[in-house]
Amino acid sequence: MSKQQIKQLIEGRLSQDGMIETGITGVQLFRVTESIRCAPVVYEPSVTAIVCGSKEAIWNGKKHIYDSSQLICCNMSMPLEAGAPDASPENPLLGVYISLDTRTMTELAIEMESITRITRKPKGEHFPQGVSLAHWDDGFTDALLRLLQLGDSPADTEILGNSRLRELYYAVLKGEAGEATKRAFGVGNEIARSIEYLSAHLNDTVTIEHMADQVGMSRAVFHRKFKQATTMSPIQFVKSMKLNSAAMNIAKGMNVSVAAMEVGYVSSSQFSREFKRMYGQSPKQWSNAQQNLRVQ
């Protein structure tokens with residue numbers, strides 16, 4: 001029943017396609033009724049909850065479809081492809097996007113580790129996945145409903161918004177994706193910190209050695225841990241982040257040469273080669289295709 005109430009709240013606040021703010025920092029509602037094919041994106045630390053329809057996301061070469069039965073949890077900045085190819089007026093995509101504040105998540109993760117006295121990393125999967133799917137549970141559903149109900153009162157939102165957002169974060173950490181999320185934000189979050197640094201320096205030349213030094217690891221250890229967390233080598237990850245960010249800027253209308261320079265490419269021919277190798281189109285073809293989509 002609570003999930004149905006969340007859907008009704010979103011439908012009542014969104015009369016047309018788009019994304020709107022809720023008044024709570026980092027929490028947005030969205031509605032899509034036109035098919036959107038998968039395209040390069042960079043997911044920031046966030047949780048996305050679908051209450052109607054479905055989305056697609058591609059990472060590690062695999063297509064994942066998620067709907068109202070699952071959450072998609074991104075614990076660190078990740079280059080993906082995402083879209084909503086099945087969205088239509090008859091089958092709209094409705095959902096909630098919740099940005100994860102690094103400071104609050106870290107405080108909660110460390111506090112939970114301290115209280116439960118679980119400081120050792122579990123055997124097996126030692127490092128957090130950058131992105132994963134998790135089933136909704138009652139705790140998350142109830143916390144999300146309580147959070148969104150604040151939107152009916154600006155005063156309630158101002159006074160209770162931060163505390164109820166913290167309650168939602170806590171529900172995420174307790175849920176199916178909780179262990180990976182705690183390891184991303186809590187003690188031993190070196191890989192997440194290195195990706196945060198990288199995301200802020202996309203237009204710089206950042207070497208594996210430099211990234212490893214930032215978190216106090218040898219090159220070999222850093223390479224191994226990085227691939228366990230992201231399924232990509234550091235070099236592959238850096239290239240994907242740069243190209244995805246450039247593709248997003250081009251889709252917004254940025255000149256191809258400027259988009260290349262924004263992410264640190266000094267050679268336009270190298271940028272074009274690597275872009276076409278990844279997306280099957282040259283940057284110019286990609287730009288023209290995006291312009292045609294905007295016209296339609």
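The values are calculated or read from the model by the stated rules, or taken from the named source; none is laboratory data. Every value quoted in this text rests on a predicted model; they were computed, and no experiment measured them. All Cβ positions, even for glycine, are placed from backbone atoms using ideal geometry, and neighbour counts span all protein chains on display.
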**OP:** Inspect all residues belonging to segment 227-246 and state whether any of them is more than 20 Å from Met278 (Cα to Cα), surrounded by 16 or more Cβ atoms within 10 Å (Cβ to Cβ), of a type outside the set (Val, Ile, Thr) and not assigned by TED's automatic domain parsing to the domain that holds Val47.
**Re:** yes
**OP:** Scan segment 126-155 for residues that are surrounded by fewer than 19 Cβ atoms within 10 Å (Cβ to Cβ), in a loop (DSSP other than H, G, I, E, B) and among the hydrophobic types (A, V, I, L, M, F, W, C) and jot them down.
**Re:** none
**OP:** Just give me the residues in segment 256-275 being among the hydroxyl-bearing types (Ser, Thr, Tyr) and more than 14 Å from Met241 (Cα to Cα), in sequence order.
**Re:** Ser257, Ser267, Ser268, Ser269, Ser272
Subject >> Qualifying residue in segment 225-236 (condition: farther than 20 Å from Glu81 by Cβ and of a type in the set (A, V, I, L, M)) >> reply: no
Original post:
Going through segment 182-231 one residue at a time, which ones are assigned to a loop (DSSP other than H, G, I, E, B) and hydrophobic (A, V, I, L, M, F, W, C)?
Top reply: Val187, Ala200, Leu202, Val206, Val215, Met217
**OP:** Select from segment 67-120 the residues that are among the charged types (D, E, K, R) and out of contact with any strand residue (DSSP E or B) (no Cβ under 6 Å at 6 or more places or on another chain) and list them in ascending order.
**Re:** Asp86, Glu90, Asp101, Arg103, Glu107, Glu111, Glu113, Arg117, Arg120
**OP:** Take Phe275 and decide whether it is assigned by TED's automatic domain parsing to the domain that holds Thr207, in contact (Cβ under 8 Å) with a residue 40 or more places away in the chain, assigned to a helix (DSSP H, G or I) and closer than 17 Å to Pro79 by Cα.
**Re:** no
